[in-house]
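Peer 1: Here it is, the structure in full.
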Amino acid sequence: MHALAPLVLAFSGLPALLIGARVSRARDPRSRGMALHWVLIGLTIQAGAVGVYWAGGDDRLAQGVAIAMVVLVNALIVSMVLQLRRRGKRP
């Protein structure tokens, strides 16, 4: 039963990996950077799931892993948005 939360977390990271694979096939010049960001978001969520599983019954450690994962995912999203805005202004 203690593996349910990491399992749900791992499954929730799969769509980001699939989006990254889908975006990488686009012909848009911005697609490579977007695909990289999506894959990194998916891998961060997967690593967070492994960390939560590794924490086991230690609630404080699991909370720390979850907080670190949320911060990293949000930082990657902000980075992706800034990259898209920067590349959109170039002629």
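The values are calculated or read from the model by the stated rules, or taken from the named source; none is laboratory data. Here the structure is a predicted model, which is why all the values come from computation and not from measurement. Virtual Cβ from ideal backbone geometry, glycine too; neighbours counted across all protein chains shown. Quick note on the areas: whole protein, heavy atoms, side chains included, nothing else; ligands and nucleic acids left out. Shrake-Rupley method; radii C 1.70, N 1.55, O 1.52, S 1.80 Å.
Peer 1: Return a yes/no flag: does region 4-20 have any residue that is closer than 21 Å to Arg85 by Cα and not aliphatic (A, V, I, L, M).
Peer 2: yes
Peer 1: Still on this structure, please answer the following. Output the residues belonging to region 1-17 that are open to solvent by 40 Å² or more (accessible area, probe 1.4 Å), free of Cβ contacts under 8 Å to residues at least 40 places away in the same chain and either in a helix (DSSP H, G or I) or of a type in the set (Asp, Glu) (or both).
Peer 2: Those that are open to solvent by 40 Å² or more (accessible area, probe 1.4 Å), free of Cβ contacts under 8 Å to residues at least 40 places away in the same chain and either in a helix (DSSP H, G or I) or of a type in the set (Asp, Glu) (or both): Leu4, Val8, Phe11, Ser12, Leu14, Pro15, Leu17.
Peer 1: Next question. Among the candidates Leu36, Leu40, Leu72, Leu61, single out the residue that is part of a helix (DSSP H, G or I), in contact with a Ser or Thr (Cβ under 6 Å, 6 or more places away or on another chain) and of a type outside the set (D, E, K, R).
Peer 2: After ruling out the rest, the residue left standing is Leu72.
Peer 1: What are the pairs, 6+ residues apart or on separate chains, where a residue within region 78-91 that is farther than 11 Å from Gly33 by Cα has its Cβ under 9 Å from a residue that is at pLDDT 75 or above and part of a loop (DSSP other than H, G, I, E, B)?
Peer 2: Hits for this filter: Gly88/Arg30.
Peer 1: Scanning region 18-37 for residues that are farther than 13 Å from Leu76 by Cα and in contact (Cβ under 8 Å) with a residue 40 or more places away in the chain, which turns out least open to solvent (accessible area, probe 1.4 Å)?
Peer 2: For region 18-37, the residue satisfying everything is Arg30.
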